[in-house]
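Student: My structure is below; once you've seen it, I'll send some questions.
The values are calculated or read from the model by the stated rules, or taken from the named source; none is laboratory data. Owing to the predicted nature of the structure, the values given are computational and were not obtained by experimental measurement. We place every Cβ from the backbone using ideal geometry, glycine too, and count neighbours over all the protein chains shown. These area figures cover heavy atoms from the full protein model, side chains too; ligands, DNA and RNA do not enter into them. Shrake-Rupley method; radii C 1.70, N 1.55, O 1.52, S 1.80 Å.
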Number of protein chains: 2
Amino acid sequence: MKVSAIITLKKDVLDPQGKVIQQTLDGMGFNNINEVRQGKYFEIDVQENDSIKAKEIVEDMCKKLLANLVIENYKIIETQ
Amino acid sequence: MKVSAIITLKKDVLDPQGKVIQQTLDGMGFNNINEVRQGKYFEIDVQENDSIKAKEIVEDMCKKLLANLVIENYKIIETQ
């Protein structure tokens, strides 16, 4: 089954890339934005039909490779 | 309110970055993966309290800047 992982920077970590996107959007006329933060998204197709086990595998991947837990948070979601 | 946009490559578009992540995970012992596909994630805080309107604004941003609609799909989700 497919499981998705979203990796985002922690709240207090500066996100210059998000800031630039916000400025660009502002320049295009989107003036009502408070903040843009960028993250990473992974869609992982695991050979495991049990939803809970599949999520555990992907969480393990996040901890070991996909996320830098010092500055990033991860969120595991089921892909519809 | 905060709205999230997930940008993913279309099904038939090659994703070499995802492939490398899959190979790396395989080398780390995660051998039961069918596929990994990488995408982008944006969390946008819009000055708009109406959920539907906020989503429309972010959809507009995706069309105009965030996604390349030739090779990418976007999905708008409310951030919990």
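Student: Could you check, for the range B:14-24, whether at least one of its residues is touching a residue at least 60 places away in the same chain (Cβ under 8 Å) and buried (at least 16 other Cβ atoms within 10 Å of the Cβ)?
Tutor: no
Student: Quick check on the range A:66-79. Is at least one of its residues out of contact with any Pro (no Cβ under 8 Å at 6 or more places or on another chain), closer than 17 Å to B:THR24 by Cβ and part of a helix (DSSP H, G or I)?
Tutor: Yes: one or more hits.
Student: State yes or no: is A:THR8 surrounded by 20 or more Cβ atoms within 10 Å (Cβ to Cβ) and within 8 Å of another protein chain (Cβ to nearest Cβ)?
Tutor: Working: surrounded by 20 or more Cβ atoms within 10 Å (Cβ to Cβ): yes; within 8 Å of another protein chain (Cβ to nearest Cβ): yes.
The answer is yes for A:THR8.
Student: State whether one or more residues within the range B:54-75 are touching a residue at least 40 places away in the same chain (Cβ under 8 Å), loosely packed, with under 13 Cβ neighbours inside 10 Å, under 19 Å from A:ILE77 (Cα atoms) and of a type outside the set (Phe, Trp, Tyr).
Tutor: no
Student: Looking at (1) open to solvent by 20 Å² or more (accessible area, probe 1.4 Å); (2) modelled with pLDDT of 95 or more; (3) not basic (Lys, Arg), find the lone condition where A:ASN32 falls short.
Tutor: In the conditions (1) open to solvent by 20 Å² or more (accessible area, probe 1.4 Å); (2) modelled with pLDDT of 95 or more; (3) not basic (Lys, Arg), A:ASN32 misses (2) alone.
Student: Right, another one. If I go through the range B:40-49 residue by residue, how many of them are over 9 Å from B:ILE7 (Cα atoms) and either open to solvent by less than 30 Å² (accessible area, probe 1.4 Å) or away from every other protein chain (no Cβ under 12 Å) (or both)?
Tutor: Step one: filter the range B:40-49 for residues over 9 Å from B:ILE7 (Cα atoms), giving B:43-49.
Pick out the ones that are also either open to solvent by less than 30 Å² (accessible area, probe 1.4 Å) or away from every other protein chain (no Cβ under 12 Å) (or both) and you get B:44, B:46.
Number satisfying all stated conditions: 2.
Student: Filter the range A:37-65 for residues that are among the charged types (D, E, K, R), part of a strand (DSSP E or B) and in contact with a helix residue (DSSP H, G or I) (Cβ under 7 Å, 6 or more places away or on another chain) and give the result. Outline the logic, then answer.
Tutor: Of the residues in the range A:37-65, the ones among the charged types (D, E, K, R) are A:37, A:40, A:43, A:45, A:48, A:50, A:53, A:55-56, A:59-60, A:63-64.
Now drop any that are not part of a strand (DSSP E or B), which leaves A:37, A:40, A:43, A:45.
A:ARG37, the sole residue that qualifies.
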